Amino acid sequence: MDTKTSSRLFAPLAACRRAPAVMAVKPLALGLMLVAFCSAQEIRLTQIASGISSPTDIQSANDGTGRLFLVQQNGIIRIHRSGALINTPFLDIRSRTTAGGERGLLGLAFPRGFAEKQRLFVYYTNQAGDIVIAQYRVSTDRDVADPASETILSTIGHQQFANHNGGQIRFGPDGYLYVGVGDGGSGGDPARNGQNRNTLLGKMLRVDVEGDPGRLQIPSTNPFVNQPGMRAEIWAYGLRNPWRFSFDRSTGDMWIGDVGQNIWEEVDFQPASSAGGENYGWNRMEGAHCFSPASGCDTSGVTLPVHEYRQAAECSVTGGFVYRGSAIPALRGTYLFADYCSGRVWGLTRQGNSWVNRDVLSTGFLITTFGEDEAGEIYLSNGRNGTIHRIDGTANSRAPVFPSSAVVNAASFAGGLTPGSLATVFASGVKDQEGITSASGVPLPASVDGVSITVGGIAAPIHAVANVKGQEQVNFQAPFEIRGRTTADVVVTRDGAASAAATVTVADLQPGVFSGVVVHNADFSLVTQERPLIAGEYAFVYAAGLGTVSNQPATGAASPSLALAATVEQVRVTIAGAPCAVSFAGLAPTFAGVYQVNFQVPQNLPSGTQDLVVGIAATASPAIRVPVR
C-alpha cells in the first residue's frame with residue numbers, strides 16, 4: 001500500500017493405425033501488447049465483515065476449517081468463521097509495532113500442513129521502523145496464537161524513511177517463503193536500492209523457514225547464492241514497493257503489483273518455470289518507461305511489466321489473485337487487481353501474445369488488499385470503512401467468456417477457422433475441475449460435458465472439453481457448411497448459459513502441424529530423439545487446415561478408410577528445406593476434422609533437429625522441430 005504521500009492441449013484422439021494419443025499444453029507467449037476487452041459487469045460484492053481497523057491482509061490457513069484471518073495494521077489479527085467475527089483476537093502484537101502511514105502489521109502467511117504444524121509467520125515494522133519477519137505458534141486454543149511464542153527470523157533495517165515497506169509474505173508452490181520488501185522509502189529511490197543486490201530493500205526474497213523451524217535458511221537454488229557482493233536471500237530485484245503479490249494456485253505463476261512513483265503503476269509476472277534473478281527495472285524504469293535517467297536508460301536484462309496503467313484518478317496498484325474458484329466460471333484464469341485510490345477492479349488475462357485487460361467493477365472503495373479462501377474464492381477490503389467483501393458472480397458470469405482471438409487452428413494456434421478442420425477455443429467457464437472429457441467416439445456429438453458450440457448458427461461437433469493447470473478449452477470441428485464465408489460467429493454454451501458471440505475469420509486454407517506427433521509408418525511409433533527419422537523411411541504427421549477434400553464426410557463423421565478423403569490441392573512437405581515425396585494428404589481415416597500427411601524422408605539430410613513444414617497452395621504451416629539421423 002503506497003499512497004505517494006507515504007496449449008496448447010490437443011486432447012487425445014482415438015488411435016488410428018495405432019498412432020499414439022497425444023496431450024500437450026501450449027506455452028502462452030508473453031508480450032506487452034495490451035488489448036481492451038470490455039464486457040458487462042461480471043461481479044458483485046457481498047460484505048462479510050465490518051469493524052476491521054485498517055485491513056492490510058486477508059489469509060486462509062487452508063486447514064479445512066473455512067476460517068479467514070483478517071489482519072489489522074494496528075497489530076491485531078481477527079478470525080472470521082461461519083459468517084461471523086470471533087471476538088477474541090487470533091494474535092495481538094500491538095506492543096511490538098506502531099501503526100501509521102505505511103507501517104504496522106502488514107502480512108501473514110501459513111505454511112502447508114498448518115493443521116499439524118500450528119505455526120504461522122508475520123511481517124511487521126517494529127517500534128524503530130525496521131522490518132521484522134517472525135514466527136508464532138498457536139496456543140492450546142486453536143483460535144488463539146501465543147504472542148509470547150515469537151521467534152524473530154529476520155530484521156531488515158528500514159529506519160531512514162517510513163514509507164515503502166512492502167509487506168506481503170506468502171509460501172510459494174516450492175514450500176519456500178517469499179517476502180516482498182520495499183525500496184526503503186522517500187521518493188525515487190535515492191539510495192538506488194532497487195538495483196543494488198547487496199541490500200534486501202527493493203527485492204523479492206525467497207527463504208526457507210520450514211527446513212529447521214525457528215531458523216531462517218537460504219535455499220541453495222536461489223539465483224545469487226555464492227555471488228560476491230550479492231545477498232543470497234534475493235529471488236528477484238528492481239522492485240519499488242511490491243505491496244501485494246500472489247501465486248496462481250493452478251499454475252504456480254507469481255503475480256506482483258508493484259506501486260509506481262508519479263506516473264505508472266505496474267503488474268509484473270513471473271512464470272512458475274522461472275529460476276529467479278529477474279530485474280523488474282526500478283529505479284532505472286517506472287513501468288515500461290525510463291525513470292532514472294528520464295530517457296535513454298539501459299533496458300538490457302530488464303523484465304518489463306505485463307501491464308501498466310497511468311495515474312490519473314488512480315494512484316497505487318493493489319495486487320490481487322488469479323481467480324480459480326467455482327462460483328464464477330467465466331472469471332476463471334483472470335488476474336484480479338485494483339487501484340487503492342479509485343477503487344476500480346480490473347481483470348487481466350493472457351490471450352496468445354497479448355495481455356487483455358478489462359474493467360470488472362468500480363467500487364468507490366480504498367482497496368488495501370485481496371484474499372483467497374480454501375475454495376479459491378476471492379475477497380477484498382475497503383480501507384475507507386474497515387469492511388471485507390467477497391467477490392460474487394452476477395447473472396452474466398455463468399456463461400463462458402472468450403474473445404475472438406481465442407478461437408484458433410488446433411495445430412498451429414493461428415487465429416480463425418478452416419471449414420471441416422479441428423479448432424480450439426480457449427474459454428473461461430467451460431470446465432471447473434482439472435481433467436479432460438473426450439467424446440466417446442465418432443460421429444462426434446454436439447455436446448460434451450454440458451458444453452456445445454455453434455459456428456455461424458451451425459452446431460459444431462465437440463471433440464473434447466479440458467482444463468489443464470487452469471487452462472480451459474474446447475476442441476471442436478469447424479462445420480464444413482461454413483465454406484465460402486469470410487467470417488462466422490462462434491457461441492459457446494455451457495449448461496444452457498450462452499457466451500456472447502465472437503466473430504471469427506474463416507479461411508479456406510490455414511495449414512498447421514501438430515507438434516510432437518510425427519509417426520514412423522513402419523510400426524506406428526512416435527518419432528523421438530531416441531528414435532529419429534531416418535533417410536528413406538516413410539512417416540506421417542497429423543495436421544489441420546488443409547482445406548477441401550474429395551469424398552467429403554458429413555460434419556462430425558469419421559473420414560472414410562477406403563475411398564480416402566484426399567485434399568483437392570497438392571500438399572508439400574519439406575524437412576530442413578529439402579522436399580519430401582508425399583504419398584497421401586487428406587482427412588485421417590476414422591478421424592473427424594484431422595488431416596494426415598504421409599511422406600518419405602529424403603536422402604542426405606543433415607543429422608540433428610530440423611524444421612518440418614507442410615505447405616499447400618501459397619500457404620505454409622509454422623515449422624515444427626523433428627529429430628533426423
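The values are calculated or read from the model by the stated rules, or taken from the named source; none is laboratory data. The structure presented is a predicted model; accordingly, all values stated were derived computationally and were not measured. Note: ideal-geometry Cβ built from the backbone for every residue, glycine included; neighbour counts use all protein chains shown. To get the accessible areas, we keep the full protein, side chains included, count just its heavy atoms, and leave off ligands, DNA and RNA. Shrake-Rupley method; radii C 1.70, N 1.55, O 1.52, S 1.80 Å.
Going from the alpha-carbon gyration tensor of the range 124-219, what semi-axes, largest first and in whole Å, does one get by taking the root of 5 times each eigenvalue?
Semi-axes (√(5λ), whole Å): 26, 17, 10.
Over 10 Å intervals from 0, what percent of Cα-Cα pairs in the range 50-153 sits in each interval?
The calculated distribution, bin by bin, is 16, 53, 28, 3.
Carbon and sulfur atoms: what percent of the 1.4 Å accessible area of the chain do they account for?
On the way: 11180 of 22590 Å².
Answer for the chain: carbon and sulfur cover 49 percent of the accessible area.
Please work out the C-alpha center-to-center distance from the range 486-527 to the range 528-607 and express it in whole Å.
Cα centroid to Cα centroid, the span is 17 Å.
What is the log10 of I(q)/I(0) for the range 507-590, computed with the Debye formula using one identical point scatterer on each Cα and no solvent, at q = 0.16, 0.24 Å⁻¹?
-0.70, -1.36
Which whole number of Å³ per residue matches the convex hull of the alpha-carbon atoms in the range 391-465? Write out the running numbers ahead of the final one.
Values: hull volume 9.3 nm³, N = 75.
Looking at the range 391-465, the number lands at 124 Å³ per residue.
Could you work out the equivalent-ellipsoid semi-axes for the range 470-560, taking the square root of 5 times each eigenvalue of the Cα gyration tensor, largest first, in whole Å? Each step should come with its number before you reach the end.
Details: eigenvalues 216, 67, 33 Å².
Each semi-axis is √(5λ); the values are 33, 18, 13 Å.
Give me the 1.4 Å probe accessible area per residue for the chain, excluding ligands and nucleic acids, in Å².
Values: 22590 Å² over 629 residues.
Per-residue value: 36 Å².
For a quick check of understanding: with a 1.4 angstrom probe and all protein chains in place, what accessible area in square angstrom does R531 have, to the nearest ten?
100
Compute the distance from the alpha-carbon center of the range 292-330 to that of the range 129-148, in whole Å.
Centre-to-centre (Cα) distance: 33 Å.
Beyond 19 Å, what percent of the Cα pairs of the range 224-288 remain? Can you show the working numbers first?
On the way: 778 of 2080 pairs.
Percent of Cα pairs beyond 19 Å in the range 224-288: 37.
Using the Cα atoms of the range 453-495 to build a convex hull, what is its mean projected area in square nanometres? Can you show the working numbers first?
Details: hull surface 14.1 nm².
Value for the range 453-495: 3.5 nm².
So for each of 63-74, 254-265, 142-153 I average, over its residues, the number of other beta carbons within 10 Å; can you give me the resulting order with the highest mean first? Could the numbers behind the result be given before it?
Working: 63-74: 20.4, 254-265: 23.2, 142-153: 15.4.
The packing order, highest mean first, is 254-265, 63-74, 142-153.
Would you compute the Debye intensity of the range 569-629 from its alpha-carbon atoms alone, equal scatterers and no solvent, and pass along log10 I(q)/I(0) at q = 0.12, 0.15, 0.25, 0.26 Å⁻¹ to two decimals?
Ignoring solvent entirely, the Cα scatterers give -0.30, -0.47, -1.10, -1.15.
Taking the Kirkwood radius as the inverse of the mean 1/r across Cα pairs, report the Rg/Rh of the chain. Could you put the intermediate results ahead of the total?
Values: Rg = 27.3 Å, Rh = 26.4 Å.
My calculation of the ratio gives 1.03.
For the chain, please report how many Lys pairs fall under 21 Å Cα to Cα, leaving out neighbours fewer than 8 apart on the same chain. Write out the running numbers ahead of the final one.
Values: K4/K203; K26/K431; K26/K469; K431/K469.
Final tally of qualifying lysine pairs is 4.
Over all directions, how big on average is the projection of the convex hull of the alpha-carbon atoms in the range 490-629, in square nanometres?
On the way: hull surface 40.9 nm².
Convex hull of Cα atoms, orientation-averaged projection: 10.2 nm².
Can you compute the modelled spin-label distance between D495 and Q433, with each label point 7 Å from Cα toward Cβ, in nm?
Simple spin-label model gives 1.3 nm for this pair.
Nearest 5 percent is fine: what portion of the DSSP beta bridges confined to the range 266-389 is antiparallel?
Details: 27 of 28 bridges.
Taking every DSSP beta bridge within the range 266-389, about 95 percent pair in antiparallel fashion.
Cα convex hull of the range 302-456: mean projected area in nm², to one decimal? Don't skip to the end; give the middle numbers.
Details: hull surface 48.7 nm².
So the Cα hull casts an average projection of 12.2 nm².
Lys and Arg at +1, Asp and Glu at -1: add these up for the other residues within a Cβ distance under 10 Å of Q59 and post the number.
Working: positive: R67, R170; negative: D57, E372, D373.
Result for the neighbourhood of Q59: -1.
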